[in-house]
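Visitor: Before we start, here is the structure in question, set down as structure tokens.
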Amino acid sequence: MSALQSLETEILAAIGAAADESALDAVRVAALGKKGSISDLLKTLGGMTAAERKENGPLFNGVRDRVSEAIAQRKRALADLALDARLNLERVDVTLPARPLAQGTVHPISQVLDEVTAIFADLGFAVAEGPDVEYDDYNFTKLNIPPDHPARQMHDTFYLAPQADGARHVLRTHTSPVQVRTMLTQKPPIRVIAPGRTYRVDNDATHSPMFHQIEALVIDENTHLGHLKWVVEEFCKAFFEIESVELRGRPSFFPFTEPSVEWDLRCDRSVAGRIEFGRGNDWLELGGSGMVHPNVLAMCGVDASRYQGFAFGLGLDRLAMLKYGAPDLRPFFDGDLRWLKHFGFTAFDVPTLDAGLSR
Ligand code: FA5
């Protein structure tokens, strides 16, 4: 075997033995680099006679080309091997069942909001929304509470700084302005709920400066108080997950409803620390409601001689306290992880009426 052939055999063997890209690169530099063995060989062509060059040139170039090709081939093979190894390592068995995440829970208010939304969706209600920062006009005036009306005192309002024209935005004190927004933009028949954050200057065990309400609004030609009572009843049965409930309506006053009714739910509180619905001699306040005042309909562009309807507003946080046995409202918003772990729900418990609301 000539010296040239043994050099080629030696280099090809080194290429075949290179276990990774950096080893292969070292072989390439040693053979084809500036000072590599094949490059040195090619440099000798310059000092040869024309006849020698004619004979050796093709031999040397042939070695260089075969070595270059072998390096390229080995490089591709190594890349394929590396990819296979990576794919093996990163293989995901998509047939494995999903595992619940160990950390993070759904906040009870979010859970209650989802439960309430599922119940009303089943009754055919759509979800309407409005902003937390609201026009004074929508929060009060269009709800039949003009600027100097004493009922404004019932709401301890957070006012924002006056604008150039003197008008003030407010942090909405209830979800009722979403009634206004809905009537201004939709034609009857209307059937919506509006859950969301509300704000009042209020702070004790059962009152929080930021809390949540859920508003319901139904406007049609023949909607009456009987429909209102039925909807509240159906809601209570589904929400508290009991067969039957007894509701008591008390006359009340809201400027935006006439007549206005507050609903109480029959309950049993005879065992300390427990509350059971549907029986007993006690009554639990649920929230306010009534037939939408004709002035409100007119101010929101609804023909009050043709349409009528009802609305109600419930405190979501109070519902959460009742259903999940939290005696104080404030921890709901303290962000204490231990409390959240205790009262929180797994993200996989999506409430539905068929599968169960709170299971
Ligand atoms: C209203 O806010 C009316 N907009 C409800 C309404 C809607 C009446 C439609 C008629 C027609 P009220 O001020 O009573 O009503 O509040 C409703 C509920 O919000 C209360 O029953 C209570 O559960 C809850 N709530 C009120 N203030 C707070 C507070 N500071 N913290 C927690 N919950 C509160």
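Visitor: Using a Gaussian network for the chain with springs between C-alpha atoms less than 10 Å apart, which of these wobbles most: P150, P331, P188?
Guide: P150
Visitor: When Lys and Arg each count +1 and Asp and Glu each count -1, what net charge do the other residues less than 12 Å away from N139, Cβ to Cβ, add up to?
Guide: On the way: positive: K142, R152, R168, R172, R181, R200; negative: D132, E134, D136, D137.
Neighbourhood net charge equals +2.
Visitor: Would you please put 233-239, 276-282 in order of how densely packed they are, using the mean number of other Cβ atoms within 10 angstrom per residue and starting with the highest? Present the calculation step by step, with values, prior to reporting the outcome.
Guide: Details: 233-239: 18.9, 276-282: 15.1.
In decreasing order of mean packing, 233-239, 276-282 become 233-239, 276-282.
Visitor: I would also like to ask the following. Write down the percent of antiparallel bridges among all DSSP beta bridges whose residues are both part of the chain, to the nearest 5.
Guide: On the way: 48 of 50 bridges.
Antiparallel bridges make up about 95 percent of those DSSP assigns within the chain.
Visitor: Under a point-charge model restricted to the Cβ atoms of Lys and Arg (+1) and Asp and Glu (-1), what is the dipole moment magnitude of the chain relative to its Cα centre, in debye to the nearest 20? Mind showing how you got there, number by number?
Guide: Working: 38 positive and 49 negative charges, 231 e Å.
The dipole of the chain has a size of about 1100 debye.
Visitor: At a Förster radius of 35 Å, what calculated FRET efficiency corresponds to the Cβ-Cβ distance of L353 and E258, to the nearest 0.05?
Guide: Values: r = 33 Å, r/R0 = 0.94.
Working from the Cβ atoms, E equals 0.60.
Visitor: Still on this model: Can you compute the charge dipole magnitude of segment 79-228 about its Cα centre, using +1 on each Lys and Arg Cβ and -1 on each Asp and Glu Cβ, nothing else charged? Give it in debye, rounded to the nearest 20. Can you show the working numbers first?
Guide: Values: 12 positive and 20 negative charges, 25 e Å.
For this selection, approximately 120 debye.
Visitor: Now, a different point. Could you tell me the relative contact order of the chain? Use alpha-carbon pairs under 8 Å, at least six residues apart, and round to a whole percent. Mind showing how you got there, number by number?
Guide: Working: 542 pairs, mean separation 58.4, N = 359.
Worked out over the chain, it gives 16 percent.
Visitor: Build a GNM of the chain with springs between Cα atoms under 10 Å: which of A126, A311, A14 gets the top mean-square fluctuation?
Guide: Looking only at A126, A311, A14, the biggest GNM fluctuation is shown by A14.
Visitor: Just want the answer: with Cβ charges of +1 for Lys and Arg and -1 for Asp and Glu, which residue in A77, A18, L7 is farthest toward the dipole's positive end in segment 3-89?
Guide: Final value for the positive-end residue is L7.
Visitor: Roughly how big is segment 1-152's charge dipole about its Cα centre, with Cβ charges of +1 (Lys, Arg) and -1 (Asp, Glu), in debye to the nearest 20?
Guide: That gives a dipole near 1480 debye.
Visitor: Now, a different point. Take the chain, connect every pair of alpha-carbon atoms lying under 10 Å apart with a spring to form a Gaussian network, then pick out the residue of T49, T117, T95 with the largest mean-square fluctuation.
Guide: T49
Visitor: For the pair E234/D84, report the inter-label distance in nm, with labels modelled 7 Å from Cα in the Cβ direction.
Guide: If labels sit at E234 and D84, their model points lie 6.4 nm apart.
We did not get these values from a lab; they are worked out from the coordinates using the rules stated. This is a predicted model, so every value here is computed, not measured. All Cβ positions, glycine included, derive from the backbone under ideal geometry; neighbour counts span all protein chains shown.
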